[in-house]
1. In region 162-175, which residues are crowded, with 24+ Cβ neighbours inside 10 Å and of a type outside the set (S, T, N, Q)?
2. Does LEU115 count as touching a residue at least 12 places away in the same chain (Cβ under 8 Å), surrounded by 17 or more Cβ atoms within 10 Å (Cβ to Cβ) and in contact with a Gly (Cβ under 6 Å, 6 or more places away or on another chain)?
3. Could you tell me whether ARG75 is in the same structural domain as GLN159 (by TED's automatic domain parsing), among the charged types (D, E, K, R) and either in contact with a Phe, Trp or Tyr (Cβ under 6 Å, 6 or more places away or on another chain) or not in a loop (DSSP other than H, G, I, E, B) (or both)?
4. Regarding VAL4, is this residue modelled with pLDDT of 90 or more, of a type in the set (Val, Ile, Thr) and over 20 Å from the mean Cα position of the chain (by Cα)?
5. Residues being assigned to a loop (DSSP other than H, G, I, E, B) and either surrounded by 15 or more Cβ atoms within 10 Å (Cβ to Cβ) or among the hydroxyl-bearing types (Ser, Thr, Tyr) (or both): count how many of those fall in region 10-46.
6. Can you run down the residue pairs with Cβ atoms below 9 Å, 6 or more apart or on separate chains, where the first is in region 139-164 and at positive phi and the partner is charged (D, E, K, R) and modelled with pLDDT of 95 or more?
7. Which is part of a helix (DSSP H, G or I) and touching a Phe, Trp or Tyr at 6+ places or on another chain (Cβ under 9 Å), of VAL4, VAL94?
8. Of the residues ALA142, ALA98, which single one is of a type in the set (Gly, Ala, Ser), more than 11 Å from TRP8 (Cα to Cα) and touching a strand residue (DSSP E or B) at 6+ places or on another chain (Cβ under 6 Å)?
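The values are calculated or read from the model by the stated rules, or taken from the named source; none is laboratory data. Note that the coordinates shown come from a computational prediction; the quantities given were computed from them, not determined experimentally. Using ideal geometry, Cβ is built from the backbone for each residue, glycine included, and neighbour counts are taken over all protein chains shown.
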Amino acid sequence: MRLVVFDWDGTLMDSIGIIVECTLAAVGDVAGAPMPPAATVRESIGLGLVETMQRFFPAGEPELYAAVASAYRARWLGEYKDRVTLLPGAVEAVRSLAEAGYLVGVATAKSRAGLERELAKTGLGGLFHGTRTVDEAPSKPAPGMLLQLFDELGVFAHQAIMVGDTAWDLQMAANAGCGGVGVLTGGHSRAQLEAAAALACLPSVAELPAWLGVKAQGMPAPAIAASDPD
C-alpha cells in the first residue's frame, strides 16, 4: 500500500450537520422550491451539484437547480463556512500516515476554491501530496478523481485505498480498481457502506493508522511487514 486518499466532508471534516442545515436554509430561500427531507440531503452529500439537485428535485428544472445552488453559496459563505471543524483525530491520522511514508491525497465533491479555503484554514494543505475536486473530474462514483491521482503520484490502483463516509466514495474506489474503507462519521450508515463492499467500516479516521499497522507517532508497527501487496 502506497497511497491513501481521503474524502473531505464527513471523513476529515465534521461538516455533515452544517451542510444539511445550510442546504435546507438555501432551499427555503427559493420561492416555490419543494423542501427535500433532511435524510435525503444528508445521504446526498458527496455527490456533485447536478447529481445532488436531481435527487432533490427529480422533475429536472435547470432554473431551480441554479437558484438553489446560488442560494446555497450565499448562505455558506455568509453564515456557515466558519462553523465546520476537523473531526477528532483527523490531523493525527493524516500526519501519522504521511510520516510513515504513505502518499496521502483528497478526492472531494467540494469545489476547488472551497477545498483550498478549508485546507488553508485547517493547516492540512502541506500534508497532502495531491488533491482532486469536482472542478477537475466527474462526480463520484465516477473514478476520474482517483485515476487522476494515481497518474499524478505514480501508483497503481492495487497500491491505493479510498477512505470515505459514503457509498459514493466506495463505489468510486471500486470503479477505479482500488479498495475502499468506510468511516461512520458522515452521511451513510454501516449497512450502506458494507453494501458498497467496504474493506472495513471504522468508527472514524482516527482508527485508520492502526488498521493499516501504523503507530500513533507515525512509525510502522513491528508486526506488520512493509511489502507490496503483490
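1. MET162, VAL163, GLY164, ASP165, ALA167, TRP168, ASP169, LEU170, MET172, ALA173
2. Details: touching a residue at least 12 places away in the same chain (Cβ under 8 Å): yes; surrounded by 17 or more Cβ atoms within 10 Å (Cβ to Cβ): yes; in contact with a Gly (Cβ under 6 Å, 6 or more places away or on another chain): no.
So LEU115 does not fit the description; no.
3. So ARG75 does not fit the description; no.
4. Numbers: modelled with pLDDT of 90 or more: yes; of a type in the set (Val, Ile, Thr): yes; over 20 Å from the mean Cα position of the chain (by Cα): no.
So VAL4 does not fit the description; no.
5. Residues that pass the stated criteria total 8.
6. Pairs that qualify, where the first residue is at positive phi and the partner is charged (D, E, K, R) and modelled with pLDDT of 95 or more, are GLY154/ARG2.
7. Criteria check complete, one pass: VAL94.
8. Answer to the selection: ALA98.
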